[in-house]
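Structure, as structure tokens:
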Amino acid sequence: TSTDYASVIEAMRSHKIDVAIFGPLSYVLAASVADAEAFASDYKKNTGSFYEAYIIVHPDSGIENMMQLKGKKFAFVDPASTGGYMIPKLEMLNMGMDPDNDFASVVFSGGHDACALAVKNRSVVGAAVVAHMYDKMMEEKLITEKDVKIIHTTQKFPGGAWAYRRSLDSGTKKEIKEIMLGLSDEEKEELKGFLGSTIKWAEVKDSDYDSLREAAKRLNIDLEAQ
């Protein structure tokens with residue numbers, strides 16, 4: 001278990017791990033520099049294999065839209081997070097807001113849960129959080145409607161990717177993929193604590209993430225330099 005995306009990418013690049021679960025953008029980075037090859041994605045009951053993200057504020061802030069966040073302290077998740085950074089930033093730019101200059105300050109919390117809690121605790125005014133994590137925290141009552149309010153929902157984007165090293169032998173890759181995509185109901189029940197809101201793993205391929213590569217170009221994210 002890693003504490004950030006960069007260390008997982010580096011571990012695969014140095015052949016210390018063979019299989020990993022990446023966030024959408026971190027997979028694109030891993031495919032670029034660490035020989036990662038996507039083969040499966042989490043399929044969730046409410047969102048399928050596609051995610052969306054929220055911009056949230058504290059209900060007492062009086063803020064109703066993203067433009068009102070100018071001059072305020074804001075939290076993103078991680079520079080390599082899709083729902084916690086790239087997609088929200090892209091939509092802010094499309095609305096005429098520059099996240100690099102328009103906020104009083106920006107922090108990277110390191111996790112979607114930490115972003116939500118930062119808003120709840122009023123250590124930031126607004127934050128980005130992926131929708132399924134927000135929903136999970138609501139269900140577990142870690143946050144309530146008294147703590148956070150959604151002011152913007154992003155476009156949908158590809159979800160996280162299970163990936164193995166492309167250089168693994170084809171027989172091993174085939175076996176891993178068949179096992180994960182072919183779980184029985186009994187196996188899913190045994191893995192319930194690990195799967196969480198994921199109801200199965202669905203097949204994906206590298207080209208499914210091309211839309212994120214295009215978004216990275218628009219944001220001037222150099223994938224080779226990450």
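The values are calculated or read from the model by the stated rules, or taken from the named source; none is laboratory data. Just so it is clear, the structure is predicted and the values come from calculations on it, not from any experiment. Backbone-built Cβ (ideal geometry, glycine too); neighbour counts: all protein chains shown. Quick note on the areas: whole protein, heavy atoms, side chains included, nothing else; ligands and nucleic acids left out. Shrake-Rupley method; radii C 1.70, N 1.55, O 1.52, S 1.80 Å.
Please go through segment 132-179 and give me each residue that is closer than 18 Å to residue 200 by Cα and aliphatic (A, V, I, L, M), ordered by number.
133, 161, 163, 176, 179
Of the residues 128, 118, 104, which is without any contact (Cβ under 8 Å) to a residue 60 or more places away in the chain, surrounded by 17 or more Cβ atoms within 10 Å (Cβ to Cβ) and either closer than 17 Å to residue 73 by Cβ or of a type in the set (A, V, I, L, M, F, W, C) (or both)?
Details: 128 fails: without any contact (Cβ under 8 Å) to a residue 60 or more places away in the chain; 104 fails: surrounded by 17 or more Cβ atoms within 10 Å (Cβ to Cβ).
It is 118.
Output the residues belonging to segment 132-162 that are open to solvent by less than 40 Å² (accessible area, probe 1.4 Å) and within 30 Å of residue 18 (Cβ to Cβ).
Matches in segment 132-162: 157, 158, 159, 160, 161, 162.
Return the residues of segment 178-212 that are touching a residue at least 12 places away in the same chain (Cβ under 8 Å), surrounded by fewer than 16 Cβ atoms within 10 Å (Cβ to Cβ) and farther than 25 Å from residue 136 by Cα; say none if nothing qualifies.
Matches in segment 178-212: 205, 211.
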